[in-house]
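As structure tokens, the structure follows; a few thoughts come after it.
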Amino acid sequence: MSYIFSIVYGFVQGVTEFLPVSSTGHLVVLHAIWRLPIADDLGFDAILHLGTFAALLFYFWSDIVKYVRAIAVGLGKRDARGTDWRLGWLLILGTIPAVLLGLIFESYVDTTFRSLWVVVVALAIGAVFFFWLEKVSRQTKDIDRVTPGSAIAIGVGQAIALIPGISRSGSTIITGLAFGLKREAAARFAFLLAIPITLGAGTKKTLDVVQTHGFGQHWLVYALGVAASAVSGYFCIRFFLRYLNNRSLRPFGWYRLALAVLLAILLLSGVLQSGMAQHVAG
């Protein structure tokens, strides 16, 4: 049964990491229902990010190669610096806030904000922003219209997602919408921006678990979860980017509100304890 549960966890992580509904909120519920026979639930959830990194890498491989090549060529040839060169550097620029703020506030977030009530509030606040920005944002700009200022702001949005319940994809996409990006363009830039952070977080936690939590005894549980996360994540990215071409984020806002209400009911009824947020990854 542990193997089945691991696959379920991985599937949920892969889908909810890229849909703007918060993987944290969903993994909280799963941990309350099905407990895996491992010492570190938080570590298991973080390792699942290796699967979502693999999904990002596979889906955006051609884009990654394109931007890396453009930067490399542009460093030596000034007249070769075009749109790809510019976007490549903007992605690097947008990564900096998440790295810096993550290093500064990671331990604080892991303690102070590890409460299910924080998840409930964050889910609801995110939903309100979805409804508001769908109404007021212009959504006229393609990804090549990203500016240094908007890249930094989207990076800050990614860092804010350290708070459980915010959702990395949700916070970065709505920040992109606030700067006038089209939904698909905002999501594409957000997903590209997530690649180095997802790799770093997943790798760091994997090394920690391997060293301190008996990884060898449960290696298949971890491996199945990562594989399920990679497969479900890839198909979710493909679906979501197509969905955003001509559809609204409002359904995800309603879903976030419903999940917030469900978690609040479970907390008030005593089925869940607020401290259980310590078991989940951001």
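A short reminder: the numbers here are calculations on the coordinates, not readings from a lab. On a predicted model such as this, the values are computed, not experimentally measured, just so you know. In this analysis, Cβ positions are derived from the backbone assuming ideal geometry, glycine residues included, and neighbour counts consider all displayed protein chains.
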Return the sequence-ordered ³J(HN,Hα) values of region 76-85 in whole Hz as given by the Karplus equation 6.51 cos²θ - 1.76 cosθ + 1.60 applied to θ = phi - 60°, using x for Gly and Pro.
x, 10, 4, 6, 8, 7, x, 4, 5, 4
Taking amide H positions as placed 1.01 Å from N in the peptide plane, with prolines and chain starts having none, which residues 5 or more places from residue 165, or on another chain, fall under 5 Å of its amide H?
24, 25
Show me the ranking of peptides 130-140, 157-167 by mean Cβ neighbours inside 10 Å, starting with the highest.
157-167, 130-140
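For 222, 3, what ranking results if the residue with the fewest other Cβ atoms within 10 Å of its Cβ goes first? Walk me through the intermediate numbers first.
On the way: 222 22, 3 12.
Listed from fewest to most nearby Cβ atoms, that is 3, 222.
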Restricting to lysines and to Cα separations under 16 Å from residue 141, and discarding same-chain partners fewer than 8 apart, the set is 182
Gain upon complete extension [residue 65, residue 246; 0.36 nm per residue less C-alpha separation]:
62.4 nm
Residues meeting the amide H criterion for residue 141 (H placed from the backbone, H to H distance under 5 Å, 5 or more places apart or on another chain) are 181, 182
In the neighborhood of residue 73, defined by Cβ-to-Cβ distances under 14 Å, what is the net charge if each Lys or Arg adds +1 and each Asp or Glu adds -1?
+4
Would you list 205, 141, 66 from fewest to most Cβ contacts within 10 Å?
66, 141, 205
In whole Å, what three semi-axes, largest first, describe the equivalent ellipsoid of region 132-207 built from its Cα gyration tensor (square root of 5 times each eigenvalue)?
24, 13, 9
Compute the distance in nm between two label points, each set 7 Å from the Cα along the Cα-to-Cβ direction, one at residue 32 and one at residue 2.
2.5
In Hz, Karplus ³J(HN,Hα) per residue of region 127-140 (6.51, -1.76, 1.60; θ = phi - 60°; x = Gly, Pro):
4, 4, 5, 4, 4, 5, 6, 4, 7, 9, 6, 6, 6, 10
Sequence-distant lysines (8 or more away, or on other chains) whose Cα lies within less than 30 Å of residue 205:
66
Return a whole-number percent for the relative contact order of the chain, with Cα pairs under 8 Å and 6 or more residues apart as the contact set.
40
